[in-house]
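J.: My questions all concern the structure below.
Just so it is clear, none of the values below were taken in a lab; they were calculated from the coordinates. Model, not experiment: these values are computed from the prediction. When we count neighbours, we look across all protein chains shown, and the Cβ atoms used for this are built from the backbone with ideal geometry, even at glycine.
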Number of protein chains: 2
Amino acid sequence: MSQLNNNLINMEKHHSSFENFVRSLPVPILKEFVKGSSLQAVDFKKTNVILNTKDSDAITKAFPLSVEKSENRMLIAEGVLSVKGKRVAALFSGGPASGGHNVVVGIKKALGADNTLLATKVGPKGLLAGDFFEITDEMVNNICNTGGFDFMGSDRTKIKTEAQFSMVKDVVKKHNIDTIIIIGGDDSNTNAAILAEVLAPQGVSVIGVPKTIDGDLQLGDLLPISFGFDTATKIYSEMVGNILQDTASSLKYWHFVKIMGRAASHVALETCLQTRPAYTIISEEVLEKKMSLSQVINDIASVIKVRVEKGINHGLVLIPEGFIEFIPEMRTMLAEMDEIIGHSMEAFTAMDIVAKKEFIISKLEEKTVVLYNELPSSIQSMLLLDRDSHGNLPLSQIPTETLVIEMVAPRIKELQAAAPKDSSFAHYKFNALNHFFGYEGRCGAPTLFDAAYCINLGLVAGSLALGGHTGYMASITDLQTGGKAQAIPLTGLLNIERRHGHDEFVIEKALVKLNSPAFEFFVSRRKAWAEGDYFTSPGPRQLMGPVAKLVPITVALNRGYENLKFDLGNDTEIK
Amino acid sequence: MSQLNNNLINMEKHHSSFENFVRSLPVPILKEFVKGSSLQAVDFKKTNVILNTKDSDAITKAFPLSVEKSENRMLIAEGVLSVKGKRVAALFSGGPASGGHNVVVGIKKALGADNTLLATKVGPKGLLAGDFFEITDEMVNNICNTGGFDFMGSDRTKIKTEAQFSMVKDVVKKHNIDTIIIIGGDDSNTNAAILAEVLAPQGVSVIGVPKTIDGDLQLGDLLPISFGFDTATKIYSEMVGNILQDTASSLKYWHFVKIMGRAASHVALETCLQTRPAYTIISEEVLEKKMSLSQVINDIASVIKVRVEKGINHGLVLIPEGFIEFIPEMRTMLAEMDEIIGHSMEAFTAMDIVAKKEFIISKLEEKTVVLYNELPSSIQSMLLLDRDSHGNLPLSQIPTETLVIEMVAPRIKELQAAAPKDSSFAHYKFNALNHFFGYEGRCGAPTLFDAAYCINLGLVAGSLALGGHTGYMASITDLQTGGKAQAIPLTGLLNIERRHGHDEFVIEKALVKLNSPAFEFFVSRRKAWAEGDYFTSPGPRQLMGPVAKLVPITVALNRGYENLKFDLGNDTEIK
């Protein structure tokens, strides 16, 4: 066998040239965590900043032990910390996001040799089962700067019943665990707050780390962004930029790109600002301006017309995954349909597709029937899919990008019929292609921003664990001036929402604000981008050289930065 | 307006931080092209290597002027060349591929200040129309190392009729053009050979440059690969690697990824070797081993079963775009259907879908009906789509990845029914997602390999133009030892094929050979990769640092390299 064959076999299981390279890549670390050539934990002190929500009184009643201890005060790093003999369990919760491995690396480095770090296998499910393994230095060296959650796995189990709480109590007792660190999104951090309260009597603490590629867990100056957002959006932006470059090269296609990010449109907005396509839907705008589906379709068709008239027969439309749910009239229709089908579930399930259509049309409000009839027949059928166990339609199964294409095409034909017969637009042939970018962006190798952000978040979380703090979420702020390590009291973020007939605690999802600098910048440029080719190709993520240290554009705009560079301390080789 | 807003507006139209960075990135240049801090043209001399095909005699008769001049001899760079006053037109032909801009940069640098380089707008169509603009130094500085063909645009017009030849003759005369350089794939290079012969009496020369992301224009030691293949496969490999990392993180999905590359499976094989998924279809193997569709489906289902039994509920299947056309029985069925529908086109078009199905089933051979009935109903319907003007089904519209999923799912159910009731496999839930990666890979920022390869190919093409050579295709070989600049006589590559009832000249597409080292290495590992998680994530393309200079794995294996590094001379800033 040749030398190269052997080399290639040695690269199997996460040993590509690239993966071996990133493992030893120096990463910026906040100066308070650096001690000579190694890393150290720091102490956290209370500040005068107290967090409140509209439901603070009720939250204080529901979380008496946590609030009494934290007073809902922000914590800030101050001085070093030397603690021995603690046992900490880390777990991933929910969908993966790039940088998760580095959070584990940071926690391990904060704990050092004198404390024990356990990995929880396959997320909250593994916590309930007490399924742990001890994390060694060799393991963290191996996962450093790599993407994915595969080191421990993840799942979406919610720990919310008394029975589950009691299982967790038994598990932490049996395994002698002092702190659980939950690496997850808004729901998982809410869960961390609840578990912190539940485990407080046992003296066990719970810490959260803000993860989600959707970017809907962000808190202005307190938490500039969740980790994973930067990598995901830079991956999507490269792909969209590549396709834009293709549109201007092939000169004949319109690409309709649906992009992951269920509730908020942060991912779509960031990708839009990185690449500047002809049209981007921002769901929050559609909702706030009460736009109808046909209004959006008409807008897109009009942009296509204007471009054709300028000799540009190509373009790209960005569609956030959650778009459909943000159209007020679609919300109404879906709610009506769920209600109607819910009342006749068995009979409905037994009908064939034709009968289902007739049935639903006979029951819908008149206005809703008009909307339903406007939809392409394939989408009409999809809306009649069997409901899930909660009686809801599995909306992710609706190919929104195809829906938009199928509705734009006839609208263009209408506009063409009305155009002068000798115009270029009258003879234009609409060529549309569709894409969905999602899973590609959750587990890619982290950008240098996510790599650095996450190790530092891990160092914060590990330090909080050693300091015995509970009910806090780790944060790194001041991204352009060396970074500041902080901790956010989770009970200071909680609201109460009525869901499925009972009150639930929630951390409000951060949606795109129409008065934010990022959205306003988009609005100030979108006409130009619609009518001409202003796109830019942001290229693949670079881990070295002059373009390696960039923050997301939306974060820079919303935080009032003057440029896109970040500075999170000193480049440090992690070993 | 803030400073950042201004910065962002200045980044519009190809001025992202990344694009500005790559423009000044030093690129490896073969030493014979470097003269101090600038680049120079070289002279090309005939070698003793003469190329032949089975049809050489007929080709010699059809291309008397070209063959008389070239003797079908390879050329090799030797000595410098100083020529003034030549006018050269470059054009892109066919689908875009990364590195095309750098070919133009290389040509311009070879021509220097004493000759004129014209850009042909929108491909062969622009040549027929005489639509040119002069390329300045500023323009090439602007496109250097950027992806896409958008600098000049491209199209797929074939110049093959006497009327078109006469138009080209007029255009080159009117614009006083000495050489046309065609940057394109196998068809475009065939076209270059034909034009070289047609224009020879006028003293106008034609040079080809080997482009295609498909990798099916490669000639062993004479031409290791076409440009664009490396960038496209590294883009697809990153995406596939990211998804593989997601499968091992989410632990519940099977991803079915169709990957561009119509005829040959080079792209699928390269992506497979870069990432090592559980299953990869290689079309050439399906054809050569006369595999049936259900055999392939059964193989995939068996791999899924084996993995589930080992506790691995996830995986990824790579499917080359052309797969369907390579299944012998599908070829037969499609041919039968085209024939049947062709004979009753009008009546058939008028039928509704139910009538169409009945009609086709009544006419197909008995054996073919069995296959047709095995297909999912959505695919059955698609096969009844209206034929194009040549009477062919538009095969690219068939979502092969969905077809495979829809056939694998019931096969898994069958296998589950036969499995022990208490086995993990019996309770396994098959969760499949589908992707198509294609357009994302054609116009991305070139890898350092494509960037370097293309500038050097451009320097070869420009030098050949100045030297008055015609009917040659540029090549760079010896990728690990500094690079060797060569030229391949196109008439030495041509074969004659019967197409649509008449003889056509063709350069044979290079398919994946089952006895090639790359395919044999795949075969030696695929059982391990099927039964365990051996995947690797090759990450985003790096333009600096220790992993920037890598060749495709298939090229390294097939050329007998010991490692994946390339050496193409000295890193040179292009200015």
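J.: Give the separation of the Cα centroids, segment A:358-436 to segment A:69-100, in Å.
T.: With segment A:358-436 and segment A:69-100 each reduced to a Cα centre, they are spaced 47 Å.
J.: In deg cm²/dmol, rounded to 500, what helix-only [θ] at 222 nm does the protein assembly as shown give when every DSSP H run of at least 4 residues adds -39500 (n - 2.57) and the total is split over its residues? Mind showing how you got there, number by number?
T.: Values: 46 runs with 496 residues, N = 1150.
Result for the protein assembly as shown, helices only: -13000 deg cm²/dmol.
J.: Here's a follow-up. For the pair B:Ala335 and A:Val306, how long in nm is the line joining their label points, each one 7 Å along Cα→Cβ?
T.: Each label point is offset 7 Å from its Cα along the Cβ direction, giving 5.3 nm.
J.: Report the Stokes-Einstein translational diffusion coefficient (µm² s⁻¹, integer) for segment A:412-542, Rh taken as the Kirkwood radius over Cα pairs, at 10 °C with viscosity 1.306 mPa s.
T.: On the way: Rh = 20.9 Å.
Estimated via Stokes-Einstein, D reaches 76 µm²/s.
J.: Still on this model: In segment B:232-440, what is the volume of the convex hull around the alpha carbon atoms, normalised per residue and reported in Å³?
T.: 131
J.: So what's the net charge close to A:Asn515: Lys and Arg +1, Asp and Glu -1, counting the other residues with Cβ under 12 Å from its Cβ?
T.: After counting each charged neighbour, the total is -3.
J.: Please list the equivalent ellipsoid semi-axes of the protein assembly as shown, computed as the square roots of five times the alpha-carbon gyration tensor eigenvalues, in descending order and whole angstrom.
T.: 51, 36, 29
J.: To continue, here is another question. So which GluC sites (Glu not before Pro) in segment B:449-517 pass both tests, a DSSP loop state and at most 16 other Cβ atoms within 10 Å of the Cβ?
T.: Working: sites: B:Glu497, B:Glu504, B:Glu508; in loops: B:Glu508.
Of the GluC sites (Glu not before Pro), the ones in loops of segment B:449-517 whose Cβ has at most 16 other Cβ atoms within 10 Å are B:Glu508.
J.: Compute the Kirkwood hydrodynamic radius of segment B:249-371, taking the inverse of the mean of 1/r over all pairs of distinct Cα atoms, and give it in Å to one decimal.
T.: Kirkwood hydrodynamic radius for segment B:249-371: 16.6 Å.
J.: What trypsin sites (Lys or Arg not before Pro) in segment A:31-139 are in a loop by DSSP, with at most 10 other Cβ atoms within 10 Å of the Cβ?
T.: Details: sites: A:Lys31, A:Lys35, A:Lys45, A:Lys46, A:Lys54, A:Lys61, A:Lys69, A:Arg73, A:Lys84, A:Lys86, A:Arg87, A:Lys108, A:Lys109, A:Lys121, A:Lys125; in loops: A:Lys54, A:Lys84, A:Lys86, A:Lys121.
Qualifying residues, ordered by number: A:Lys54, A:Lys84.
J.: Now for a different question. Normalized C-alpha radius of gyration of chain A, against 2.2 N^0.38 Å?
T.: Working: Rg = 25.4 Å, N = 575, 2.2 N^0.38 = 24.6 Å.
Dividing the Cα radius of gyration by 2.2 N^0.38 Å gives 1.03.
J.: Would you kindly work out, in nm and rounded to one decimal, the distances from the label point of A:Gly220 to those of the same position in each other copy, ordered shortest first, with label points 7 Å along Cα-to-Cβ?
T.: List, nearest first: 7.1 nm.
J.: Enumerate the calculated ³J(HN,Hα) couplings along segment A:59-67 in order (Karplus 6.51 cos²θ - 1.76 cosθ + 1.60, θ = phi - 60°), each rounded to whole Hz, writing x wherever the residue is Gly or Pro.
T.: Values per residue, Gly and Pro as x: 5, 4, 5, 7, 10, x, 5, 5, 5 Hz.
J.: For the rotation that superimposes chain A on chain B, which residue of A has the C-beta lying nearest to the axis, and at what distance in Å?
T.: Chain A residue with minimal Cβ-axis distance: A:Pro540, 2.
J.: Then there is this: Taking a threshold of 27 Å on the Cα-Cα distance, which of the pairs B:Lys121/B:Lys513; A:Lys13/B:Lys549; A:Lys13/B:Lys252; A:Lys565/B:Lys13; B:Lys69/B:Lys160 fall above it?
T.: B:Lys121/B:Lys513
J.: Still on this model: Over what distance in Å are the Cα centres of segment A:457-520 and segment A:183-258 separated?
T.: Using only Cα atoms, the two centres lie 13 Å from each other.
J.: State, in angstrom, two size descriptors of segment B:448-508 derived from its alpha carbons: Rg to one decimal place and Dmax to the nearest whole number.
T.: Cα only, segment B:448-508: 14.9, 46 Å (Rg, Dmax).
J.: Then there's this: Using 0.36 nm per residue, how much length does the chain from A:Lys45 to A:Gln295 gain when fully extended, once their Cα-Cα distance is taken away?
T.: Working: separation 250, 0.36 × 250 = 90.00 nm, distance 5.25 nm.
Gain in length upon complete extension: 84.7 nm.
J.: Between copies, how far apart are the B:Asp170 label points? List them in nm, one decimal, shortest first, with each point 7 Å from Cα toward Cβ, please?
T.: B:Asp170 label point versus its equivalents elsewhere: 9.0 nm.
J.: Which length gain, in nm to one decimal place, applies between B:Gln202 and B:Val523 when the Cα-Cα distance is subtracted from 0.36 nm times their residue separation?
T.: On the way: separation 321, 0.36 × 321 = 115.56 nm, distance 5.22 nm.
The B:Gln202-B:Val523 span can extend by a further 110.3 nm.
J.: Same structure again: Relative contact order, percent, of segment B:232-440 when contacts are C-alpha pairs under 8 Å separated by at least 6 residues?
T.: Numbers: 273 pairs, mean separation 63.0, N = 209.
Relative contact order for segment B:232-440 comes out at 30 percent.
J.: Shortest first and in nm to one decimal, what separations exist between B:Leu514 and its copies in the other chains, measuring from label points 7 Å along the Cα-to-beta-carbon line?
T.: Sorted ascending, the copy-to-copy spacings read 6.3 nm.
J.: Starting from the Kirkwood Rh over alpha-carbon pairs, what translational D in µm² s⁻¹ does segment A:72-208 have by Stokes-Einstein at 20 °C and 1.002 mPa s?
T.: For these conditions, the coefficient is 141 µm²/s.
J.: Does segment A:327-398 classify as rounded, prolate or oblate by the C-alpha gyration tensor (a ≥ b ≥ c root eigenvalues; a/c under 1.5 gives rounded; else a/b over b/c gives prolate, otherwise oblate)?
T.: Here segment A:327-398 falls in the rounded category.
J.: Could you check the spin-label model distance between B:Asn563 and A:Asn570? Points 7 Å from the Cα along Cα→Cβ, value in nm.
T.: The answer from the label model is 3.2 nm.
J.: Compute the signed sum of charges (Lys and Arg +1, Asp and Glu -1) over the other residues within less than 11 Å, Cβ to Cβ, of A:Glu401.
T.: Value of the local net charge: -1.
J.: Helix by helix, which DSSP H runs in chain A go 30 Å or more along their axis at the Cα atoms and have an average Kyte-Doolittle hydropathy of -1.0 or more?
T.: Those that clear 30 Å and a mean of -1.0 are A:229-250.
J.: Also, quick follow-up: Please compute the contact order of chain B in relative form: average sequence separation of alpha-carbon pairs under 8 Å and at least six residues apart, divided by the residue count, as a percent. Write out the running numbers ahead of the final one.
T.: Numbers: 1193 pairs, mean separation 144.3, N = 575.
Worked out over chain B, it gives 25 percent.
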